[in-house]
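Single-structure report; data block below.
Every number in this text was worked out from the coordinates using simple rules, so none of it is lab data. Values in this document were obtained by computation on a predicted structure and should not be read as measured data.
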């Protein structure tokens, strides 16, 4: 091997080692982007997507990936090992399913409340006027399944009013109930007040006094096996901050 070639080879190796060292010293945004996995109740989609954009703007090199579904479905996924960093449920009962198995990374914090409302198609073709109307024969009522937070709340208002519903369908998320109403497949559905607001002109909302007997408290926590517990806690902190509470209020959620 010639001396000239040996010098060139050593110079090349030195450059490669220098580049490797720079890569190891690079920040998260340069070499190791982070994706935060947030599992949240379907009713939280709009405010959480806004907060996700704000979080990404605040955290260089971080992206937020959301999974929105019925709270009970999300808990089952986490219990079976789905990679989640943050979990936000639509009621405390569902959150207990996570904490009872010691799958939480921090003590859950209540951050919002929500109540049920009757959603009917535009024009209210079945002439629904109150909660009792939903128990009439011939009314195609759609509700959430009992294991879902909005389904548990439905059972509470049903009992509070002394009524017995005969729904034609029980759905796994409040979004699915709303979809049945907006598509005209149902005469009425019991959903959250925030969902009626989100649907705009696609539905009409009817309030009823028994809704106050079933106020849903939304808790949030980090997940025990989070890949980045510190970052997960920062997202929880954003949700409970003034900015987070403002975003939730703009979409119809009340304070905890």
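Listing for the model above:
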| read-out | value |
| --- | --- |
| Separation of alpha-carbon centers, the stretch 236-250 and the stretch 151-166, rounded to whole Å | 31 Å |
| Helix axis angle, 45-58 relative to the chain longest principal axis, alpha carbon, degrees | 20 degrees |
| Between 0 and 90°, nearest 10: helix 149-160 axis offset from the chain longest Cα axis | 20 degrees |
| The stretch 170-215-the stretch 61-95 distance, computed between alpha-carbon centres (Å) | 22 Å |
| All-pairs Cα distance distribution in the chain, expressed in whole percent, bin size 10 Å | 7, 28, 27, 17, 8, 5, 4, 3, 1, 0 |
| Cα-Cα pairs of the stretch 61-169 separated by more than 19 Å (percent) | 55 percent |
| Percent RCO, i.e. relative contact order, over the chain, from Cα pairs under 8 Å lying at least 6 residues apart | 27 percent |
| Angle between the chain longest axis and helix 229-240 axis [Cα atoms, degrees, rounded to 10] | 40 degrees |
| Solution diffusion estimate, µm²/s, Stokes-Einstein, the stretch 163-256, Kirkwood Rh from C-alpha pairs, 25 °C, viscosity 0.890 mPa s | 154 µm²/s |
